[in-house]
Amino acid sequence: MNAHRIFGLGEWLKKHVWCPPFRVSCHQNTPKRGHQTAARGRPGFTLVELLVVIATVAVLAAVLLPALAGTKPNGQAFQCLNNTRRLTLGWTMYASENSDIFMWPTKLVSGQIDWSASTGNTNVAFMLNSDALIAPYVKSAALFKCPSDIYQSPANPGPRIRSYSLDYALGGSSASFGPTNYLGRKYFAPGIMSELNMPGPANIYVILDENPDSIDDAAFMLDAGRYAPGSEKWRNYPGSFHNGSISISFADGHSEIHQWLDSRTLQNVQYKYFSTSRSPTTSPINTGYNLDSSADYEWLENRMPYR
């Protein structure tokens, strides 16, 4: 190959490979001075147009951000989720170290909550003493308190120590359940993990917020299967600390914020003990006690263990 041909190949490579048409750094594509001047003279955004764009973005942000924020739990709800998740982990660890057997629900912690002057309302030792079955697995008493639960006992001023209760069906008694099948189900009280088949660990609730007027021992009681739709009654009342929502955990270990649909579930705290009597006249919580029918009651009932 002679020098002329080598030179010609180099020019071809330079033109078609090293300096393709879109490479502005190559000399053959560098715009001439006149073209540069014309490019600089092209009209861009005017000040008015720029201000209009900024104003439009600001309006969209003002409209969309509150809506987006409303779809996510706030910081206190996230902390509450973490509390129920870690308590459920402790509950699971207890079972794993005790032949897969669930702890008795009322022994989750010791002591009870009410609106009296009882020290059980304010003494954090009841959360972690030797009588609390979950104590070896949960080292912080703060985990038992929802940060949105700000209610204090009028008779014994001071923040009450607990906001959460454990599903009574898990290791407890099935005496309160309906004696007959409801929707083809037979509700029962499983004693070990392997019995959580229906509706499955991801759909069987474990720990939840309880209404401050309803909370007493550490067990949340629901008479699953006892009432047909149209004649339902709460035994204990669930909480609604998070803008009408509840923090609730499940046997597979996850926690979620669930929005209640029935306004009667959102009971205002009356600073009175909520009687478990089924007669609404004996309870300070009257509105909504006789539910007739409630999507919220049925939602929780659907997350109880059955066969």
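With charges only on Cβ, +1 for K and R and -1 for D and E, what is the dipole size of the range 79-301 about its Cα centre, in debye, rounded to 20? Could you put the intermediate results ahead of the total?
On the way: 15 positive and 21 negative charges, 58 e Å.
Magnitude of the dipole: close to 280 debye.
R0 = 30 Å: FRET efficiency of N156 with M193, Cβ-based, nearest 0.05? Walk me through the numbers before you get to the answer.
Working: r = 38 Å, r/R0 = 1.28.
In this case the efficiency is close to 0.20.
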Self-check item: Exposure proxy order (Cβ contacts within 10 Å, fewest to most) of E298, E232
Solution: E298, E232
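What is the order of V48, V269, V138, V53, fewest Cβ neighbours within 10 Å to most?
Starting with the residue having the fewest Cβ neighbours, the order is V48, V53, V269, V138.
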Exercise. Name the residue farthest towards the positive end of the dipole of the range 79-301 from the options A125, M198, W299, assuming +1 on Cβ of Lys and Arg, -1 on Cβ of Asp and Glu, about the Cα centre.
Key: A125
Exercise. Kindly identify the range 150-273 as rounded, prolate or oblate by the Cα gyration tensor criterion: order the square roots of the eigenvalues as a ≥ b ≥ c, call it rounded if a/c is under 1.5, otherwise compare a/b with b/c, prolate if a/b is larger, else oblate.
Key: prolate
Quiz prompt | Antiparallel DSSP beta bridges within the range 79-301, percent to nearest 5 | solution = 90 percent
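Take H254, H242 and order them by how many other Cβ atoms sit within 10 Å, fewest up front. Before the final figure, lay out the partial values.
Details: H254 14, H242 22.
Neighbour counts put them in this order, fewest first: H254, H242.
Count neighbours as other Cβ atoms within 10 Å of each site's Cβ, and list the trypsin sites (Lys or Arg not before Pro) in the range 107-173 that are DSSP loop with at most 15 such neighbours.
On the way: sites: K107, K139, K145, R160, R162; in loops: K139, K145, R160, R162.
Here the sparse-neighbourhood loop sites are K139.
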Quiz item: Quick one: if you stick a label point 7 Å off each Cα along the C-beta vector at D252 and S130, how many nm between them?
Solution: 4.0 nm
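So how strong a dipole does the range 87-173 carry about its Cα centre when Lys and Arg Cβ are +1 and Asp and Glu Cβ are -1, to the nearest 20 debye? Each step should come with its number before you reach the end.
Values: 5 positive and 6 negative charges, 49 e Å.
The calculation lands at about 240 debye.
Read-outs: derived from the displayed coordinates by stated rules, not from any lab. Since this is a predicted model, take the numbers as computed values, not measurements. Neighbour counts run over all protein chains shown; Cβ positions are idealised from the backbone, glycine included.
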